[in-house]
Amino acid sequence: MRALDEHAITAWAAACVHSLEVLCPAINGINVYPVADSDTGSNLLHTMSGAHARLVAEPDTDSAAKALSVLARGAVLAARGNSGVILSQVLRGLAETAGTVPELDGPSLAKALANAHRTATDAVARPVQGTMLSVLQAVAAAVATQPGELPDVVAVAAKAASEALEQTPHQLPVLAAAGVVDAGARGLVAVFDALAGVVTGTETQISHSCEAHPHTEPDAEQAPYAWEVMYLLEDVADADVPVLRRTLSDLGDSVTVAGDGSGGHAVHVHCADIGAAIEAGLRAGRPSGIRVEPLITPTPIEPPSGPDRAVVAVVHGEELAELLREEGFAVLAVPDHATPSVEEMLGLITERAAGHITVLAGGESLTRAADDAAGHPMIGDRDVVVIPCASPVQVLSALAVHDAGRRANDDVVAMAEAAAATRRGELVVAAEESITWVGRAHAGDLIGFVDGEVVLVEPAGAEPAEAAMGVLNRMLAVGGELVTVLTGTAAPSGLTDELRERLRAERPEVEFVDYPGGQADAVLLIGVE
């Protein structure tokens, strides 16, 4: 066993380079994850090689802390691709925790690995399960529960990384469809295997193939569908980093803004507008080392069995989103009054292992965001159809008639018709005084809407159940068989039970169902079919 001092860290960096050289051809054989780099192995190798070269060239690395700091700075400067940038942040997280210690023991390494996970995750605008970050999360969690001696910690870390890698196909549908593990995550496993080998003096056998075998030969010349833009950024104020990250997220996906701990940042994005990505950096600081590479649509892999399509939804309210996830749908939950970024919408769409994607958007602003994403170059050759829904209750109606056994076009028509046929009502608390079609409303009053029009105003202190029944009676006046209610965070306890009993007494022919919606801007959302 050797201590994790500056000499061991140098040996670890060299071992990482060697392992990645061995793995590079296999890792480069896969590009099924749409926001991963087509040359993931080369990016990881280039990043680690640059970091190692800088570490060897520095004459004053007389402690583990200094060695890790030099390694981290070199990795940020040499980082290529999203995978390389994330790896640089793993090293930076280790360096920040090391402080000034001459060497790391077991507990201090466990603490450093936890910080490495936080640092790498914070650098990514939209962390995704099934990638390098999933492996890193598993490692941090495993060593936190067993902070023993140094050999024990590195052994636990390597084992946890390997086991987490095996789970990546279950976390990301495109990996499952290809029958492979995530390439960047495989590279990170090699990094932890190398660490264990240096500390314990054992050699880890290379395993876990990343190769996917396409069923067609690649075209001789393939046109890029978008671009990978990378640059180094200096003189950036801390307050400008979140703004830059959001700006880049509105241009494309795979956004990473990674600091080196000394004021410099490595910026990475996949987008269609190269100029806009660079201009964002100019507004935030001083870009240098700008590099632009084409992104090529990957060669198709053998398609999975079953329908090559998926239905996804974007809604406000985490409770509603969880309800839909329990039914097997992929859902993006957006905070109330917020609009999802382009990157968030692209992730919802591109992470599905399907060529035809139907998007159900539960609100007008969400529909606009979905429409913007559907026409984005990062979608590639996927067929994306957006079904507009003015309310989450219309999303529920559409999903209720979804049938994966139907032809895709027929299913889209059926869901669109179900959404359009659902009348929508709302019961909200007025935030300020206003004039409505049915009279003046004061702050705190209950306001009832039907299909976007105000139909009643009840004074503050009125019974919510009475107001809700007023809305329901207007909706049911033209007929209806099923009432669906989504409760907001401000809904009083027992409200839906009272509505159910009153409907049973007054309209026994009408079926009533309710679910927690979690929306903060409405007491109730009501749908009538």
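Could you run the Karplus curve 6.51 cos²θ - 1.76 cosθ + 1.60 with θ = phi - 60° over segment 402-407 and give me ³J(HN,Hα) per residue in whole Hz, x for Gly and Pro?
Taking θ as phi minus 60°, the curve returns 4, 9, 5, x, 7, 4 Hz for segment 402-407.
Scan around residue 423 for amide H atoms under 5 Å from its own, H built in the peptide plane at 1.01 Å from N, and keep only partners 5 or more places away or cross-chain.
528
Search the structure for amide H atoms under 5 Å from the amide H of residue 103, placed 1.01 Å from N in the peptide plane, and list their residues when 5 or more places away or on another chain.
Those lying under 5 Å, H to H, from residue 103 are 64.
Apply the Karplus parameterisation 6.51 cos²θ - 1.76 cosθ + 1.60, with θ equal to phi minus 60°, to every residue of segment 440-452 and state each ³J(HN,Hα) to the nearest whole Hz, in sequence, with x for glycine and proline.
Those phi angles translate into 7, 10, 10, 4, x, 5, 8, 10, x, 10, 10, 6, x Hz.
Read through the labelled values (i) 21, 44, 28, 7, 0; (ii) 23, 53, 23, 1; (iii) 20, 42, 25, 12, 1 and report the label of the one computed as P(r) over Cα pairs in 20 Å bins from 0, in percent from the structure.
Computing P(r) over Cα pairs in 20 Å bins from 0, in percent and matching it to (i) 21, 44, 28, 7, 0; (ii) 23, 53, 23, 1; (iii) 20, 42, 25, 12, 1 gives (i).
Using a 1.4 angstrom probe, figure out how much accessible area the chain has per residue, in square angstrom, rounded to the nearest whole.
42
Any idea which of 294, 251, 339 is furthest toward the positive side of the dipole for segment 242-366, if Lys and Arg beta-carbons carry +1 and Asp and Glu beta-carbons -1?
294
Before anything else, pin down the relative contact order of segment 102-197: Cα pairs under 8 Å, at least 6 apart, normalised by residue count, whole percent.
Result for segment 102-197 is 31 percent.
At q = 0.12, 0.14, 0.16, 0.21 Å⁻¹, work out log10 I(q)/I(0) for segment 45-184 with the Debye formula, treating every Cα as an identical point scatterer and leaving solvent out; two decimals please.
Listed by q, the Debye log ratios stand at -0.49, -0.66, -0.85, -1.29.
Expressed as a fraction of 2.2 N^0.38 Å, the rule-of-thumb size for a compact globular protein of N residues, what is the C-alpha radius of gyration of segment 299-449?
On the way: Rg = 17.5 Å, N = 151, 2.2 N^0.38 = 14.8 Å.
Against the compact-globule rule of thumb, the ratio is 1.18.
Which percent of the Cα-Cα distances in segment 349-391 go past 18 Å?
Percent of Cα pairs beyond 18 Å in segment 349-391: 22.
Give me, ordered by chain and number, the residues 5 or more places off residue 383 or on other chains with an amide H under 5 Å from its own placed amide H.
356, 357
What FRET efficiency would be calculated for the residue pair residue 308, residue 511, taking the C-beta separation as r and a Förster radius of 35 Å, to the nearest 0.05? Spell out each step's value before the answer.
On the way: r = 35 Å, r/R0 = 0.99.
After rounding, the FRET efficiency stands at 0.50.
Would you please put 484-493, 243-252 in order of how densely packed they are, using the mean number of other Cβ atoms within 10 angstrom per residue and starting with the highest?
Ranked from most to least packed, the peptides come out as 243-252, 484-493.
Using per-residue counts of other Cβ atoms within 10 Å, averaged over each peptide, order 498-505, 103-110 from highest down. Write out the running numbers ahead of the final one.
Numbers: 498-505: 14.9, 103-110: 20.6.
Order by mean packing, descending: 103-110, 498-505.
Mind listing the phi-derived Karplus ³J(HN,Hα) values for segment 411-423, rounded to whole Hz, using 6.51, -1.76 and 1.60 with θ = phi - 60°, and x for any glycine or proline?
For segment 411-423, the Karplus curve yields 5, 4, 4, 4, 5, 5, 5, 5, 5, 5, 7, 8, 6 Hz.
Using label points projected 7 Å from each Cα along Cα→Cβ, tell me how many nm separate residue 497 and residue 237, to one decimal.
Here the modelled spin labels are 5.4 nm apart.
What dipole magnitude, in Debye to the nearest 20, does segment 392-529 give about its Cα centre under +1 on Lys/Arg Cβ and -1 on Asp/Glu Cβ?
180
Using the Cα centre as the reference, give the magnitude of the dipole from point charges on the C-beta atoms of the chain (Lys, Arg: +1; Asp, Glu: -1; all else neutral), rounded to the nearest 20 debye.
720
Residue farthest toward the positive end of the dipole of the chain, with Cβ of Lys/Arg at +1 and Asp/Glu at -1: which of 429, 167, 460?
Result: 167.
In the chain, carbon and sulfur make up what percent of the accessible area (probe 1.4 Å)?
Roughly 51 percent, rounded to a whole number.
Quick one: net charge of residue 64's neighbours, Cβ under 11 Å, K/R +1, D/E -1?
-4
Out of all DSSP beta bridges in the chain, what portion is antiparallel? Express it as a percent rounded to 5.
Among the beta bridges of the chain, antiparallel pairing accounts for roughly 65 percent.
The values are calculated or read from the model by the stated rules, or taken from the named source; none is laboratory data. Just so we're clear, the structure is a prediction, and the values are computed from it rather than from any experiment. Note: ideal-geometry Cβ built from the backbone for every residue, glycine included; neighbour counts use all protein chains shown. Note: areas computed on protein heavy atoms with side chains; ligands, DNA, RNA excluded. Shrake-Rupley method; radii C 1.70, N 1.55, O 1.52, S 1.80 Å.
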